[in-house]
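Below is one structure, written out as structure tokens; comments come after it.
The values are calculated or read from the model by the stated rules, or taken from the named source; none is laboratory data. Since the model is a prediction, treat every value here as computed from it, not as a measurement. When we count neighbours, we look across all protein chains shown, and the Cβ atoms used for this are built from the backbone with ideal geometry, even at glycine. Heads up: the accessible areas ignore ligands, DNA and RNA and are worked out on the full protein's heavy atoms, side chains in. Shrake-Rupley method; radii C 1.70, N 1.55, O 1.52, S 1.80 Å.
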Amino acid sequence: MNAGLIELSYIVAAILFIFGLKMMSSPATARKGNFVSFVGMLIAIVATFLYLPQLAEAKLGTVTDLHYDWIAYGMIAGTIIGLLAARLIAMTSMPEMVALLNGFGGISSLLVGWAVYQYDVVATIAIKNSTSADTLTLATIFLSVLIGGVTFSGSLIAWAKLKEVIGGKPTVFPGQHILNILLVAGAVTCAVMITKDPTADIANYLFWGAIGISVVLGVFAVIPIGGADMPVVISLMNSYSGLAACAAGFVVKNNILIVSGALVGASGVILTVIMCKAMNRSLSNVLFSGFGGASSSGGKAVEGEAKAASPEDAYYVLESASSVVFVPGYGLAVAQAQHVARELGELLEENGAEVSYAIHPVAGRMPGHMNVLLAEANVSYDQLIEMDDINPNIENIDVAIVVGANDVVNPAARDDETSPIYGMPIINVDKARTVYVLKRGMGMGFAGIQNPLFFKENTRMIFGDAKGTIQSLVDEFKN
Ligand code: NAP
């Protein structure tokens, strides 16, 4: 196929990626955005397939060595695994799945760098005692290998922490940062020495050394970070996997891989920054502070007694409420209470109340977690209200129903300067006229700290699984 047409297809694919990403920033258009990006990727893959014979001829002088069968096996296996994972993995395990996918992206880039190094450097030196790979190619090979290795092992550690295969607590030891700096210096030294003289006997060992160092570095970079911060780490790893893919694109001289890698790298960084802002923490604080090492650390002791209520008690208040806001959190995802929450919302509306759903940017365990769950339950997008839009009006809300949220409604973040989460923006539910908190017990949230909201005068705790509690409220309304 004509090289100009291939490049044109790549430009079309890149435009579709950009539009797809833009659409994914709103729940109303996210599905369409996913589809648009899928079409872009399909165009990119088909165009690359059609380009392969030309690339092979330019590189190998023949097209007979092209193994479409191997590519097909890989695509079929990947499609089956991807379909099964998407169908079988619970919504609550989505961050773990994203962590693994980032890891796969990292190892792919590492393998691309390794394969090109073996072919263009090791094999050509063995035959001709010289290499055709220029300094830029060697540099990009190292970037794809080093960033890919860090992404691979770092993502696996993030997965293991979230899955609780290993403890979620930060593993910190003296001299950790110095060790990490030494590892980076070691990897860069290997890269520079090989680039200076790729024909040296030691070069191949140095290459393996660089791979080993990058994998170890990924482990040491992530183990000091607490499980609570893993979603941020995953977003950062997502960005790294994009940068590694971008470097791999330079290695194999494929423009669409360069562009898509750069897009993933940039969007991962933007998401990381948004998450840090929503938690009022800097990225360096997330990466290096060992946050989450001690539970219940810091913060004033909470005094008073939490007052319990039954669903029947809550029914009488809700029945006369004219405005109700649901504030979902991680417990909604655990209880899978989104469908029954929507049903209760509809009953409240039939009863004359104005109903909305307030979304905190870091509620749950991944960005957009609550949006996805509520969209799955067909809650109208118009009813979803961002934290910054609900807070100015929250004093006029009759009832706030906190469904399995804890940290994101913790007033200590606003009022207690000694609290570890002080400064994190919250949904000010404590300012609503009445607050019902639906949770199983007095368990702490992800940050592992007490929540003064539960002890406030206008708060009532309804203990039990959120789905069961809301179902009881629905039954009360229906009866
Ligand atoms: P949270 O603070 O983790 O609290 C969740 C609460 O849900 C728990 O206190 C738990 O209390 C309750 N719960 C669990 N299962 C339940 C069930 N079946 N029914 C009813 N309640 C249940 O959640 P959050 O308020 O959503 O806050 C999210 C946290 O994750 C924040 O600290 C945020 O900074 C952090 N984080 C999120 C992201 C993100 O992208 N979303 C990224 C980084 C960090 P009981 O055990 O007593 O039931």
Against the longest principal axis of the chain, how steep is helix 466-478, in degrees 0 to 90 to the nearest 10, with axes from Cα atoms?
-> 50
Would you work out which of Thr64, Leu257, Gly352 lies farthest towards the positive end of the dipole of the chain? Charges go on Cβ: Lys and Arg +1, Asp and Glu -1.
-> Thr64
Expressed in square angstrom to the nearest 10, the accessible area of Met461 with a 1.4 Å probe stands at 0
Relative contact order, percent, the chain [alpha-carbon distance under 8 Å, six or more residues apart] | 13
With each label point set 7 Å from Cα along the Cα-Cβ vector, what nm distance links Ile81 and Asn2?
-> 3.9
Cα-centred dipole magnitude for the range 311-478, charges only on beta-carbon of K, R (+1) and D, E (-1), debye, nearest 20 | 540
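If the chain between Gln54 and Glu303 were fully stretched, how many nm would it gain, using 0.36 nm times the residue separation less the Cα-Cα distance?
Details: separation 249, 0.36 × 249 = 89.64 nm, distance 7.38 nm.
Residue separation times 0.36 nm, minus the Cα-Cα distance, leaves 82.3 nm.
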Exposed-loop-free span, longest in the chain, where GluC sites (Glu not before Pro) count as exposed if DSSP calls them loop and at most 11 other C-beta atoms lie within 10 Å | 1-163
Starting from the Cα gyration tensor of the range 1-116, take the square roots of the eigenvalues, sort them a ≥ b ≥ c, and report rounded, prolate or oblate (rounded when a/c is under 1.5, otherwise prolate if a/b is larger than b/c, else oblate).
-> oblate
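What is the range 91-148's relative contact order, in percent, from Cα pairs under 8 angstrom and six or more apart in sequence?
Numbers: 36 pairs, mean separation 26.2, N = 58.
Relative contact order for the range 91-148 comes out at 45 percent.
Quick one: which of 144-151, 252-259 comes out on top by average Cβ neighbours within 10 Å, and what's the full order, highest first?
On the way: 144-151: 29.1, 252-259: 19.5.
Ranking, from highest mean packing down: 144-151, 252-259.
If the chain between Leu179 and Lys128 were fully stretched, how many nm would it gain, using 0.36 nm times the residue separation less the Cα-Cα distance? Could you put the intermediate results ahead of the total?
Details: separation 51, 0.36 × 51 = 18.36 nm, distance 3.93 nm.
14.4 nm is the gain from fully extending Leu179 to Lys128.
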Would you work out which of Val372, Thr92, Phe173 lies farthest towards the positive end of the dipole of the chain? Charges go on Cβ: Lys and Arg +1, Asp and Glu -1.
-> Phe173
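Please get the size of the charge dipole for the chain, origin at its Cα centre, with Cβ charges of +1 on Lys and Arg and -1 on Asp and Glu, quoted in debye to the nearest 20.
About 1140 debye.
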Against the longest principal axis of the chain, how steep is helix 94-116, in degrees 0 to 90 to the nearest 10, with axes from Cα atoms?
-> 10
Span from the the range 1-64 Cα centroid across to the the range 76-131 one, whole angstrom | 18
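If contacts are Cα pairs under 8 angstrom and at least 6 residues apart, what is the relative contact order of the range 311-478 in percent? Kindly include the intermediate steps, with their values, before the conclusion.
Numbers: 318 pairs, mean separation 47.2, N = 168.
Dividing the mean separation by the residue count of the range 311-478 yields 28 percent.
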Nearest 10 degrees, 0 to 90: what angle lies between the long axis of helix 255-278 and the longest principal axis of the chain (Cα atoms)?
-> 30
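For the range 66-179, just say rounded, prolate or oblate: build the C-alpha gyration tensor, square-root its eigenvalues into a ≥ b ≥ c, call rounded for a/c under 1.5, and beyond that prolate if a/b exceeds b/c, oblate if not. Write out the running numbers ahead of the final one.
Details: a/c = 3.92, a/b = 1.36, b/c = 2.89.
It is oblate, given that a/c is not under 1.5 and a/b is not larger than b/c.
With every protein chain left in place, what is the accessible area per residue of the chain in square angstrom, probe 1.4 Å?
Solvent-accessible surface per residue comes out at 48 Å².
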Residues whose built amide H sits under 5 Å from the amide H of Ile462, excluding neighbours closer than 5 in sequence, are Ala309, Val437, Leu438, Lys439
Tensor-based shape of the range 3-288 (alpha-carbon gyration tensor, a/c under 1.5 rounded, otherwise prolate or oblate) | oblate
